[in-house]
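Colleague: One structure coming up, written as structure tokens, with questions to follow.
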Amino acid sequence: MSTLISSHLYREMREQPEVLARLLEAEQPAAEALAAEIIRRRARYLVIAARGSSGNAARYANYLLGAVNGLVVALATPSLYTLYGSPPSLEGAVVLGISQSGKSPDIVAVVAEGRRQGALTAAITNEPGSDLGRTAEHVLALHAGAERSVAATKTYTAELAAIALLSCALVGDSQRSDELRRVPRQVAEALELPSPVVSAAERCRTVSSSVVLGRGYNNATAFELALKLKELTYTLAEPYSSADFLHGPLALVGQGFPAIVIAPSGIVLPEVLGLVSTLRQREAELMVISDNADALATADLPLPLPVGVPEWLSPITAILPGQLLALHLAVVRGIDPDRPRGLRKVTETR
């Protein structure tokens with residue numbers, strides 16, 4: 001327990017409510033300025049360059065900015081810019097780089113090419129003075145403070161909140177803005193919920209592989225939770241959309257096969273519950289992250305979420321039990337959560 005509480009990772013998880021409140025207060029003008037320019041230019045699509053946890057935040061943007069703001073969102077292929085030297089036309093696009101450090105050369109290269117071609121460019125980063133921050137015309141800063149843990153936690157949820165803030169600025173909906181303002185309190189509530197995460201970590205001590213399933217907005221959560229399990233606990237956790245999982249990978253599941261299902265309330269919940277029923281019939285070992293009593297009742301290992309979080313914001317709270325699970329499982333396995341093997345805080349790819 002002392003290893004857990006003294007870790008940078010644990011402390012940074014606990015900082016998330018404060019970080020989110022600070023970001024939402026400080027970056028409203030920047031989000032409004034970027035939204036105004038997107039509207040003025042009548043941009044209809046975004047190209048997002050991101051890697052790792054930031055790439056998972058981009059998955060959230062794909063759903064949110066499409067569903068709420070009517071924008072087509074494409075994820076960039078940075079090697080076209082840096083290795084092949086064949087960048088596509090970015091005419092009429094908004095080019096957005098998402099990077100906690102703002103240092104990765106391939107992410108910077110995409111934004112720089114966008115600016116060279118005359119596209120509107122923006123960055124979401126914890127380091128506004130970084131190469132990425134200096135390259136983009138508009139910057140949304142994360143205000144997360146120093147993040148010493150190799151595994152991103154507070155910067156990931158801050159990236160989600162920055163994307164949600166931009167979405168609100170684009171749509172000009174006061175109800176949505178009010179819902180977003182409640183998120184820091186709901187994150188604090190999620191971190192304080194009585195949860196069997198410690199016993200879940202003990203039960204998962206010998207698990208070497210699993211699948212992580214989520215659909216819609218929480219497809220991003222499935223990918224981020226799988227990443228946390230890989231980098232912190234060395235578990236081969238494979239993320240899938242719950243729909244994609246039915247197209248072949250379902251054959252993996254037999255008695256005792258570990259499956260983590262992210263199932264907050266919302267439009268996709270009935271479909272996800274259908275998959276849960278299928279997994280139950282196949283006698284999978286089920287961990288379910290949800291605010292829905294029926295969903296939790298199906299689980300061998302239920303991890304509850306606070307009620308009342310709208311689906312479009314649920315990825316910000318839904319990842320928290322996953323962060324805690326990965327931390328506790330690392331400690332149970334004797335792994336230092338601040339020093340995952342072979343990893344550094346800043347990864348620079350080209």
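Colleague: Among (1) crowded, with 17+ Cβ neighbours inside 10 Å; (2) out of contact with any helix residue (DSSP H, G or I) (no Cβ under 7 Å at 6 or more places or on another chain); (3) at pLDDT below 95, where does THR82 come up short?
Modeller: Unmet for THR82, out of (1) crowded, with 17+ Cβ neighbours inside 10 Å; (2) out of contact with any helix residue (DSSP H, G or I) (no Cβ under 7 Å at 6 or more places or on another chain); (3) at pLDDT below 95: (2).
Colleague: Could you check how many residues of the range 131-141 are buried (at least 22 other Cβ atoms within 10 Å of the Cβ) and either outside the structural domain of ALA26 (by TED's automatic domain parsing) or not in a helix (DSSP H, G or I) (or both)?
Modeller: 3
Colleague: Also: Could you tell me which of the residues ALA161, ALA123, ALA144, ALA152 is in a loop (DSSP other than H, G, I, E, B) and at pLDDT 95 or above?
Modeller: Details: ALA161 fails: in a loop (DSSP other than H, G, I, E, B); ALA123 fails: in a loop (DSSP other than H, G, I, E, B); ALA152 fails: at pLDDT 95 or above.
After applying the criteria, what remains is ALA144.
Colleague: Tell me, yes or no, whether the range 48-68 has at least one residue that is aliphatic (A, V, I, L, M), touching a strand residue (DSSP E or B) at 6+ places or on another chain (Cβ under 9 Å), farther than 27 Å from LYS228 by Cβ and modelled with pLDDT of 95 or more.
Modeller: No; the residues of the range 48-68 include none that is aliphatic (A, V, I, L, M), touching a strand residue (DSSP E or B) at 6+ places or on another chain (Cβ under 9 Å), farther than 27 Å from LYS228 by Cβ and modelled with pLDDT of 95 or more.
Colleague: If you go through the range 75-91 one residue at a time, do you hit one that is in a strand (DSSP E or B) and farther than 29 Å from VAL150 by Cβ?
Modeller: no
Colleague: Within the range 142-176, which residues are among the polar types (S, T, N, Q) and crowded, with 18+ Cβ neighbours inside 10 Å?
Modeller: SER149, THR153, THR155, THR157, SER167
Colleague: Something else about it: Inside the range 44-67, can you point out the residues that are of a type in the set (Lys, Arg) and part of a helix (DSSP H, G or I)?
Modeller: ARG59
Colleague: Among the residues of the range 44-51, are any in the same structural domain as ASP173 (by TED's automatic domain parsing), buried (at least 20 other Cβ atoms within 10 Å of the Cβ) and β-branched (Val, Ile, Thr)?
Modeller: yes
Colleague: Give me a count of the residues in the range 33-43 that are assigned to a helix (DSSP H, G or I) and either farther than 12 Å from ILE163 by Cα or hydroxyl-bearing (Ser, Thr, Tyr) (or both).
Modeller: Counting residues in the range 33-43 that are assigned to a helix (DSSP H, G or I) and either farther than 12 Å from ILE163 by Cα or hydroxyl-bearing (Ser, Thr, Tyr) (or both) gives 6.
Yes or no, residue by residue, for (1) assigned by TED's automatic domain parsing to the domain that holds ASN218; (2) under 28 Å from SER314 (Cβ atoms); (3) small (Gly, Ala, Ser):
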position	(1), (2), (3)
VAL94	no, yes, no
ARG116	no, no, no
THR153	no, yes, no
LEU166	no, yes, no
SER174	no, yes, yes
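Colleague: Kindly establish whether LEU236 is touching a residue at least 24 places away in the same chain (Cβ under 8 Å), in contact with a strand residue (DSSP E or B) (Cβ under 7 Å, 6 or more places away or on another chain) and surrounded by fewer than 24 Cβ atoms within 10 Å (Cβ to Cβ).
Modeller: The answer is yes for LEU236.
Colleague: Let me ask you something else. Within the range 239-254, track down each residue that is closer than 18 Å to TYR63 by Cβ and either part of a helix (DSSP H, G or I) or in contact (Cβ under 8 Å) with a residue 60 or more places away in the chain (or both).
Modeller: SER242, ALA243, ASP244, PHE245
The values are calculated or read from the model by the stated rules, or taken from the named source; none is laboratory data. Since this is a predicted model, take the numbers as computed values, not measurements. Reconstructed Cβ throughout: ideal geometry from the backbone, glycine too, with neighbour counts over all protein chains shown.
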